[in-house]
Amino acid sequence: MDRATRFELPQRTLRDPLVTLTIHEQQSVPARPVTVRPIRYLGDPVLRRPSKKVRRLDDSIRRLIADMTESMIEAQGVGIAAPQIGVGLRIVVIGMPDEEPYPLINPEVIKRDGERRIYEGCLSVPGYRGEVTRSVSVTVKALDANGREVRIKAEDDLLAQALEHEVDHVNGTVYVDRLDSRDDLEKLEPSDPSMAELRREGDDRPDDDDGPEDED
Ligand code: NI
């Protein structure tokens, strides 16, 4: 997802990860420069293919997660999925405005309730937004960066939207598929404040400062 649409969204996030199972011990962070990789755009077949499950959390996966995180920050997104940098694996990174980004490996929506209409944007569809129907409450099961099973529940907020959006990506679905019609895709004008935000200089990674300066 991109940050362009979060003006319309409630800011409160509920996050409740429950560690239930240890699969791997944490290993050393791979010594290799993190790489910002180009974002794949709508029309690239990698965005339409269901991704493969991660079978082994090794250094190549850790490097991929580091690259995804950096690519998301560079593109000023609030989430990114591996297919968006051309990798067909079931990995997403969530980067809520006030939180340290975190990966979810093999994420699945295990519970969803309610419906709401909300505007959405995507790094792979730059300059556009569209109104889609999303769930009010969403529970995702996944493995965390250490291979431990976590459950994240979010309700009526940006996180709930991002969870559904990013899990869609690893299933080969882009939000434009959820529009009633392609005519409902709205082009953002360069004068739109959300476009200005997308073009903002510099980055706003949470470990460098107190978070995005243009919250709200
Ligand atoms: Ni997206």
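Results, tabulated for the structure shown:
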| item | result |
| --- | --- |
| Chain lengthening between T35 and V136 when straightened (0.36 nm per residue, less Cα-Cα) | 32.9 nm |
| Proximal lysines to K153, defined as alpha-carbon separation beneath 29 angstrom and excluding residues fewer than eight positions away on the same chain | K52, K53, K111, K141 |
| Stretchable slack from E74 to R116, in nm (0.36 nm times residue separation minus alpha-carbon distance) | 12.2 nm |
| Prolate/oblate/rounded label for region 86-147 (Cα gyration tensor, a/c 1.5) | oblate |
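Read-outs: derived from the displayed coordinates by stated rules, not from any lab. No experiment lies behind these values; they were computed from the predicted model shown.
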